[in-house]
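Below is one structure, written out as structure tokens, with a few remarks after it.
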Amino acid sequence: MYSSFIDYLLEKTPFSDGELAKIEAVTYRREVKEGENLFEEGGPWNYNGFICGGLMQNYITGLNGQEKTLSIASENYWVGDRNALLTEKPMPHSCKALENTYVVYLENDDFEKLRIVIPRFNDLMNELIERNITATRNRISENIALTDEERYAKFLTQRPGIIERVPKEMVASYLDINPESFEKIINGIPWPKQ
């Protein structure tokens, strides 16, 4: 599974064999079993993780004990929280495996050293951070501007194949659609006229 990480890196940037060796020297590998947390809200996580295979849910737990899905991360997604790493604060959310998941991760100190000694790695990470900021802003705008049906349709278009791997309640939570409304959307029941 580690080869998936290397393939991902090479697809993004033409790293040399020496650069890839430096990256590999500081990576760890772990299989996270279905239902197991990679990290937990309020706990420490001093790593940058990359999903080589599998599926994970990033979520917070509300005061009522219900999970609120922040993101659904599949193959070739990064997991963690840059703000928690930069501020050295506990994780603001949890990350749970929805399937047996293979993760490559780098301790943050090593990750930051790689950004210094491998300029291409730094450039790639800056690009990914910028894309993440844009995606987050777009998601906030879409949650305000789009209807529930439009958000669901966009999710299906942007994340094909995920819907078969994730419980519908989790998709509803991610899209911020109440379960009853989501059920109507997926069953094609018309919405009541206002």
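The values are calculated or read from the model by the stated rules, or taken from the named source; none is laboratory data. Bear in mind that the values here come from a model prediction, so they are computed numbers and not experimental data. Backbone-built Cβ (ideal geometry, glycine too); neighbour counts: all protein chains shown. Accessible surface areas use protein heavy atoms only, side chains included; no ligands, DNA or RNA. Shrake-Rupley method; radii C 1.70, N 1.55, O 1.52, S 1.80 Å.
Note: segment 1-148, Cα convex hull, 125 Å³ per residue.
Of the trypsin sites (Lys or Arg not before Pro) found in segment 1-72, the ones in coil according to DSSP and having at most 16 other Cβ atoms within 10 Å of their Cβ are LYS33. Highest mobility in the GNM of the chain, judged by mean-square fluctuation with C-alpha springs under 10 Å and restricted to GLU183, GLU41, GLU75, is found for GLU183. For segment 70-194, a Kirkwood radius taken over Cα pairs fed into Stokes-Einstein (25 °C, viscosity 0.890 mPa s) yields D = 143 µm²/s. If the segment from LEU128 to SER3 were pulled out straight at 0.36 nm per residue, it would be longer than the present Cα-Cα gap by 43.0 nm. Pairs with C-alpha atoms separated by more than 31 Å, drawn from the list LYS12/LYS33; LYS68/LYS154; LYS33/LYS184; LYS33/LYS89, are LYS33/LYS184. Across the accessible surface of the chain, with the other protein chains kept in place and a 1.4 Å probe, carbon and sulfur atoms take up 51 percent. The largest-to-smallest principal axis extents of the Cα set in segment 78-146 are 43, 29, 25 Å.
In this calculation the C-beta distance from SER141 to GLU67 is compared with R0 = 25 Å, giving a FRET efficiency of 0.55. Averaged over its residues, the chain has an accessible area of 57 Å² per residue, based on protein heavy atoms and a 1.4 Å probe. Distance distribution P(r), segment 136-178, all Cα-Cα pairs, bin width 10 angstrom from 0: 28, 60, 12 percent.
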